[in-house]
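The values are calculated or read from the model by the stated rules, or taken from the named source; none is laboratory data. What you see is a predicted model; the values in this text were computed from it and never measured. Here the Cβ positions follow ideal geometry from the backbone for every residue, glycine too, while neighbour counts run over all protein chains shown.
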Amino acid sequence: MSTTAVTAVAPLTIQDAEALVEAARAAAEADGATVAITVLDAGGHPLAFRRDDQAVLIAGETSDRKAYTALQLNAPTADLVDAVLPGGPFHTLPTALDRPLLFIAGGVPVRRDGRLIGAIGVGGGAPEQDHGFATAALEALAG
């Protein structure tokens, strides 16, 4: 009989989520951007959300959808933008699901010990800025 060892990985906690939000907020503030930040657990449930007072209202929706997309596809949304262009492998995917995906940079999966445990999404800045704020948050959590 063969046995396979399974190593448990700690889930994303509310403390982790709050640390991610704070690090992304600090990165955005340092860059002069007003944003919304969403953190989802591995099941796609919201753990934390923050929207700057001056952020455009749609930033809340985009941060949520970017996090959800990064979680579902286990990839940064910045890496998926070309996949939805005509002829791309995910061209029809944004409209194929009940909960729409958003293929704009700013969503990043959160991993622990190589395992997917959640995602962070940032909306409100330019896509490249949002991606930078999300990755800065991951670096702060890891560091």
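For the reader, a short list of remarks on this structure follows.
- Pairs, first under 15 Å from residue 134 (Cβ atoms) and among the hydrophobic types (A, V, I, L, M, F, W, C) in the range 47-66, second at pLDDT 95 or above and in a helix (DSSP H, G or I), C-beta under 6 Å, six or more apart: 47/14; 47/17; 48/17; 48/18; 48/21
- Check on residue 65, touching a strand residue (DSSP E or B) at 6+ places or on another chain (Cβ under 8 Å), under 19 Å from residue 34 (Cβ atoms) and among the basic types (Lys, Arg): yes
- Top-ranked residue of the range 108-137 - restricted to ones that are assigned to a strand (DSSP E or B) and of a type outside the set (A, V, I, L, M, F, W, C), ranked as surrounded by the most Cβ atoms within 10 Å (Cβ to Cβ): 121
- Scanning the range 67-100 for residues that are within 13 Å of residue 44 (Cβ to Cβ), surrounded by 22 or more Cβ atoms within 10 Å (Cβ to Cβ) and in contact with a Phe, Trp or Tyr (Cβ under 9 Å, 6 or more places away or on another chain) yields a single hit, 69.
- Residue ID - surrounded by the fewest Cβ atoms within 10 Å (Cβ to Cβ), chosen from residues in the range 1-24 that are assigned to a loop (DSSP other than H, G, I, E, B) and modelled with pLDDT of 95 or more: 13
- Sole residue being of a type in the set (Gly, Ala, Ser), surrounded by 19 or more Cβ atoms within 10 Å (Cβ to Cβ) and in a helix (DSSP H, G or I), chosen from 140, 55, 27, 105: 27
- Any hit, the range 81-92, residues being touching a residue at least 12 places away in the same chain (Cβ under 8 Å), of a type in the set (Val, Ile, Thr) and under 24 Å from residue 25 (Cβ atoms): no
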